[in-house]
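K.L.:
Could you have a look at this structure, given as structure tokens, before my questions?
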Amino acid sequence: METETVTIKGKSLNELSQLCHSIAKEKGFWDSERNIGEALMLAVTELGEAMEAYRIEDQENFREEIADTFIRLFDLCGGFGIDIEEEIEKKSNKNKKRPYKHGKIC
């Protein structure tokens, strides 16, 4: 079975969300109503896997797990209709108004 190549360079964040979501749907991850808690924890799991790869100095796997994290988050945005570009813009503007380190020590 021949696999179609996915190209992402030059795509907007919302386009990436739709792409990741369409692949997840194609692979059965949205066959039934998605549990938001489970979807969020899958992203957290990918970050944990990235940390473990970093700990054992496996840079290739570290990069792959970071990519997996973004894929999970983009899928979530696509599936729940989140305009991530708009949300990042709003949050970035909010963060620009916050104090240094958001008023905390770290």
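The values are calculated or read from the model by the stated rules, or taken from the named source; none is laboratory data. A quick note: this is a predicted structure, and the numbers were derived from the prediction, not measured. Here Cβ is always computed from backbone atoms with ideal geometry, including for glycine, and neighbour counts include all displayed protein chains.
Table: residues versus (1) part of a helix (DSSP H, G or I); (2) farther than 20 Å from Thr5 by Cα.
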{"position": "Gly28", "(1), (2)": "no, no"}
{"position": "Ser32", "(1), (2)": "no, yes"}
{"position": "Leu40", "(1), (2)": "yes, yes"}
{"position": "Thr45", "(1), (2)": "yes, yes"}
{"position": "Glu52", "(1), (2)": "yes, yes"}
{"position": "Glu64", "(1), (2)": "yes, no"}
{"position": "Ala67", "(1), (2)": "yes, no"}
{"position": "Ile71", "(1), (2)": "yes, no"}
{"position": "Ile82", "(1), (2)": "no, yes"}
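K.L.:
Residue by residue through segment 88-100, note down the ones that are out of contact with any Leu (no Cβ under 8 Å at 6 or more places or on another chain) and under 29 Å from Ser12 (Cα atoms).
P.N.:
Hits for segment 88-100 are Glu89, Lys90, Lys91, Ser92, Asn93, Lys94, Asn95, Lys96, Lys97, Arg98.
K.L.:
Only one of (1) under 24 Å from Ser17 (Cα atoms); (2) not in a helix (DSSP H, G or I) is not met by Arg98, so which one is it?
P.N.:
(1)
K.L.:
Across segment 42-65, what is the number of residues that are surrounded by 13 or more Cβ atoms within 10 Å (Cβ to Cβ) and among the aliphatic types (A, V, I, L, M)?
P.N.:
5
K.L.:
Now, a different point. Restricting attention to segment 22-32, does a residue exist that is surrounded by 13 or more Cβ atoms within 10 Å (Cβ to Cβ) and touching a residue at least 60 places away in the same chain (Cβ under 8 Å)?
P.N.:
Checking segment 22-32: not a single residue is surrounded by 13 or more Cβ atoms within 10 Å (Cβ to Cβ) and touching a residue at least 60 places away in the same chain (Cβ under 8 Å).
K.L.:
Any residue that is within 22 Å of Ile36 (Cβ to Cβ), modelled with pLDDT of 95 or more and basic (Lys, Arg) - is there at least one of those in segment 95-106?
P.N.:
no
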